[in-house]
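Visitor: Dropping the structure in here first, questions after.
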Amino acid sequence: MKQYEVVIVGGGINGCGLIRDLALNGVSTLLIDKGDFASQTSQGSSKMLHGGIRYLENFDFGLVAEALEEKNLWLKLTPHLCFERDFYLPLYKYSKYAPWMLGLGLFIYDFLSHFHNRPFAVLNAQETLKKIPSLDPKDLKGSGKYYDGVVDDAKLTLECLYDALLEPCAEAHSYQEVTACLKTNDGYEITYQSVKDKSQKTVKAKFVVFTTGPFTDQLLPKLNIPWKPQLIPSKGIHLWLKKGSIDAQGSVVLTTKDNRVVFVIPQRDSILVGTTETPVDQDMFNIQATKTEIQYLLNVLKQYFPNSDFDESSIISTFAGVRPLVKEEGHNDALGKVSRFHKIFRPDHRTYVLLGGKYTTFRRMTQEIAQELLPRLGKRYQPNLTLNPLRQKSLMPTFGEKPALTMGMIKQIIKQEHVTTFEDLVKRRLSLLDEPQHLKNVMGIPVDEVKALFK
Ligand SMILES: Cc1cc2nc3c(=O)[nH]c(=O)nc-3n(C[C@H](O)[C@H](O)[C@H](O)COP(=O)(O)OP(=O)(O)OC[C@H]3O[C@@H](n4cnc5c(N)ncnc54)[C@H](O)[C@@H]3O)c2cc1C
């Protein structure tokens, strides 16, 4: 039976971030995911690396400062996967903030970044409309302008994994579901089953780490790991709108009537709109946007861009995800109010469970586990190794100019980038926004020719 020092269950950003840190530190590690890597929450985010300007309202200064530091780090380390964007927070006569309050909030945001953010500004109505011509001019007083990061969330997850797999001590398998975790004298025997042909494999590990995000409360009791539910799952959906649906040169932060925030972020030759926040009442592995949720976002857009010409036919595609928010005793469990802090649980001596937090701070959260595990394995932890750039880039970049796609290139991507299905290829390796089932061609190549590669 093959033996590893650590087995990680769950290949989202937290699992892929952790295997990278452990592998760079020479720990033999196996990562397993039930689907493709990055195919759940870590591809369903608002695709922002950000401090979280709205968390300032809750005085979560520590969380904001840490996230801003991480955002600025990844902007430097992976300029091909993330870029800085200008965001505009419009102020109307009826807005709850006065311009001076907005200015103060934006100053604190920049201050918490140690002024590494590009500097904020408070604009008047005319200056705002120059940048966001579609915005409703009635009662507009101006806007606050600040900067945050935009990221291809699935690709950053994948590239963390590719970087880990360059180390001979790291191994990863997708489309393998962990079905048993048996305690032994010196660790665990972990069994996983192929989603395709149901074949099973059992391996040994000294430690097991669950980075299974929103699926954790359902999974751990099935594996007989002592566990009481810790999550408040919260669903969020997004729309990709056709370019030109809204005339905006920068991103816009819209405050909704129910006191939430909806982002409108031009990127990838289209416009990302999101998000919502509702309880989860569907199968979390196949979570979809509902008509009501789509209409909610379109209504918010109609309120702020009343003269823009868009409707349901302007939607290229939609996607949804589940926030793995952690319950806090004595705190408000109302969805929008639950803190974005993370928690690390140790349900028994050799098991770790990482929950909550934000995509932006994955490196810091997984570092907490790595720095505890290394001494327990008799090794010295080197914290700075994850500050190095990622070494294996995806063959098809998400942003900027793209090379012409050829069959040869597709075959190389399939081989090099751990692709199992057609959807893995088009959605996460080529970052296409059209739903795979709607594609007639894949960047110029007939879809049947590409699908034939997976038969
Ligand atoms: C709507 C929305 C918007 C967000 N926007 C932002 C944002 O803009 N910026 C930000 O910083 N954060 C954002 N977040 C938060 C961020 O996306 C999550 O915190 C992060 O992606 C969680 O990653 P994860 O690795 O813990 O979970 P996941 O990505 O869900 O990974 C868990 C993995 O576990 C696997 N798994 C489950 N069961 C098994 C099993 N039995 N065997 C093997 N594998 C299994 C799943 O297949 C899955 O791949 C957002 C979240 C949502 C939902």
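Visitor: What percentages make up the Cα-Cα pair-distance distribution of the chain when the bins are 20 Å wide from 0?
Guide: 24, 57, 18, 1
Visitor: Also: If you count, for each residue, the other Cβ atoms within 10 Å and average over each peptide, how do 384-392, 31-39 line up from highest to lowest?
Guide: Highest mean packing first, the order is 31-39, 384-392.
Visitor: Calculate one ³J(HN,Hα) per residue across the range 37-47 by plugging θ = phi - 60° into the Karplus curve 6.51 cos²θ - 1.76 cosθ + 1.60, and present them in order as whole Hz with x for glycine and proline.
Guide: 4, 6, 9, 10, 4, 6, 10, x, 8, 6, 6
Visitor: In the range 407-452, what percent of the accessible surface is made up of carbon and sulfur (1.4 Å probe, ligands and nucleic acids excluded)?
Guide: 50 percent
Visitor: Go through 257-266, 393-402, 362-371 and give me the packing order, highest mean Cβ count within 10 Å leading.
Guide: Put in order of decreasing packing, that is 362-371, 257-266, 393-402.
Visitor: For Glu329, Glu435, give the ranking by accessible area with the largest first, probe 1.4 Å.
Guide: Sorted by accessible area, descending: Glu329, Glu435.
Visitor: For Lys393 and Thr278 in the same chain, what is the full-extension length gain: residue separation times 0.36 nm, less their Cα-Cα distance, in nm?
Guide: Stretched out fully, the Lys393 to Thr278 stretch lengthens by 37.8 nm.
Visitor: Hey, another quick one. 7 Å from Cα along Cα→Cβ at both Lys228 and Gln437: what's the point-to-point distance in nm?
Guide: Placing both labels 7 Å along Cα→Cβ, they lie 4.1 nm apart.
Visitor: What full-extension length gain, to one decimal in nm, is calculated for Glu328 and Leu453 as 0.36 nm per residue of separation minus the Cα-Cα distance?
Guide: 40.2 nm
Visitor: Rolling a 1.4 Å sphere over the protein heavy atoms, what is the accessible area per residue of the range 139-239, to the nearest Å²?
Guide: 37 Å²
Visitor: In terms of modelled amide H atoms, which long-range or inter-chain residues lie less than 5 Å from the amide H of Leu91?
Guide: Hits under the 5 Å cutoff: Lys141, Gly142, Ser143, Gly144.
Visitor: Determine the distance separating the Cα centre of the range 351-396 from the Cα centre of the range 215-264; give it in Å without decimals.
Guide: Taking the Cα centre of the range 215-264 as reference, the centre of the range 351-396 is 24 Å away.
Visitor: Now a separate question. For the chain, which cysteines have no disulfide-compatible partner, meaning no other cysteine Cβ under 4.7 Å?
Guide: Cys82, Cys169, Cys181
Visitor: Turning to a different aspect of this structure: Output the pairs from Lys196/Lys451; Lys242/Lys393; Lys155/Lys243; Lys155/Lys198; Lys257/Lys302; Lys222/Lys327 with a Cα-Cα distance over 24 Å in this structure; if there are none, say none.
Guide: Going by Cα-Cα distance, Lys242/Lys393; Lys155/Lys198 fall outside the 24 Å limit.
Visitor: Along the Cα-to-C-beta direction of Asn307, a point sits 7 Å from the Cα; which residues of the range 84-103 have their amide N less than 19 Å from that point?
Guide: Output list for this probe position: 90-93.
Visitor: Using the Karplus curve 6.51 cos²θ - 1.76 cosθ + 1.60 with θ = phi - 60°, what ³J(HN,Hα) values do you get for each residue of the range 362-377, in whole Hz, with x for Gly and Pro?
Guide: Going residue by residue, I get 4, 5, 6, 5, 6, 4, 4, 6, 4, 6, 8, 6, 4, x, 5, 9 Hz, with x marking Gly and Pro.
Visitor: Same structure again: Evaluate the Debye formula for the range 134-201 with equal point scatterers sitting on the alpha carbons, no solvent, and hand back log10 of I(q)/I(0) at q = 0.11, 0.18, 0.21 Å⁻¹, in q order, two decimals.
Guide: Values returned for q = 0.11, 0.18, 0.21 Å⁻¹ are -0.57, -0.96, -1.08.
Visitor: With r defined as the distance between the Cβ atoms of Asn124 and His173 and R0 fixed at 45 Å, what FRET efficiency is calculated, to the nearest 0.05?
Guide: Efficiency for this residue pair is about 0.20.
Visitor: Across the range 1-97, how many lysine pairs, 8 or more positions apart or on different chains, have C-alpha atoms separated by under 30 Å? Please give the number.
Guide: Lysine pairs, 8 or more places apart or on different chains, close enough: 7.
Visitor: With labels modelled as points extended 7 Å from the Cα through the Cβ direction, what inter-label distance (nm, one decimal) is found for Gln200 paired with Ala404?
Guide: So the two model labels end up 5.2 nm from each other.
Visitor: Can you tell me which of 80-86, 224-230 comes out highest on packing, and rank the rest after it, using the mean Cβ neighbours within 10 Å?
Guide: Per-residue Cβ counts within 10 Å, averaged per peptide and sorted highest first, yield 80-86, 224-230.
The values are calculated or read from the model by the stated rules, or taken from the named source; none is laboratory data. Just so it is clear, the model here is predicted, and its values are computed rather than measured. For neighbour counting, all protein chains shown are included, and Cβ atoms are generated from backbone atoms with ideal geometry for every residue, glycine included. Please note that ligands, DNA and RNA were not included when accessible areas were found on the heavy atoms of the full protein model with its side chains. Shrake-Rupley method; radii C 1.70, N 1.55, O 1.52, S 1.80 Å.
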